[in-house]
Amino acid sequence: MNIRIEDFFGEIEWVRAGESLTVDSDYRCIEDLVSISTEDIEGLAILAHGQPIDPRRQVPQLRDLLADLSYKYEQIYISDTNGDYFNADGQTNNIMDRNYFHEVMEGHTVVSEPLINKSTKNPIIAVATPIWNKRAVIGLFGVTILLNSSWRGLRFMSLTRFPQKAKVPKKKRRSGNNRRIGLKDCLTARKAVQGTT
């Protein structure tokens, strides 16, 4: 059984009114949300392609971008090849220890496993893509999605059941641990962060 959720009134924090997502029998609505993000991020990263990574110039751009996209992203950030990053708020840290970072440096768009954001300390999933300059990866462009945003508002929405249709293959994306991330995984990660497991 699949349930398609259509958000006509902007009740789901990071899905614009008129968009929909599907919750399947394994509660994998997070995949639709991540799919939306992977397509977005590859387009958004164009603003950083072919230019040196420069926080003085790019933090204001990231801040403006986050102001427009805060309904679905917790943070937007850029990292150099050493893992040193800055985000839209000008916060800095290093992500070289993150598994997804190394896959992005190999040229892949990646969805991370559930993590704790080093800047905000919130449980998140990161979606990141390479920044290119003349066929060389010079950095990473990423967004973070709050884990709790995937279910915030779902309680209050009316659901309609649709018959299961033939599955259309989606464009393959790499994930940090090469397995599907479902809502159950997010709930488990949230409990672990809150110390309830």
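Every number in this text was worked out from the coordinates using simple rules, so none of it is lab data. Worth saying up front: this structure is predicted, and the values here are computed from it rather than measured. Cβ: placed from backbone, ideal geometry, glycine included. Neighbour counts: every protein chain shown.
Each Lys or Arg adds one and each Asp or Glu takes one away; over the other residues whose Cβ falls under 13 Å from the Cβ of LYS118, this sums to -2. Gyration tensor over the Cα atoms of segment 33-146: the corresponding equivalent ellipsoid has semi-axes (square roots of 5 times the eigenvalues, largest first) of 18, 16, 14 Å.
Loop-located chymotrypsin sites (Phe, Trp or Tyr not before Pro) across segment 67-147 with a Cβ neighbour count of 13 or fewer within 10 Å are TYR71, with loop assigned by DSSP. Ordering THR144, THR92, THR38 from the fewest to the most neighbouring beta carbons within 10 Å gives THR92, THR38, THR144. Maximal additional length on extending the ILE116-GLN91 stretch stands at 7.5 nm, based on 0.36 nm per residue less the C-alpha distance.
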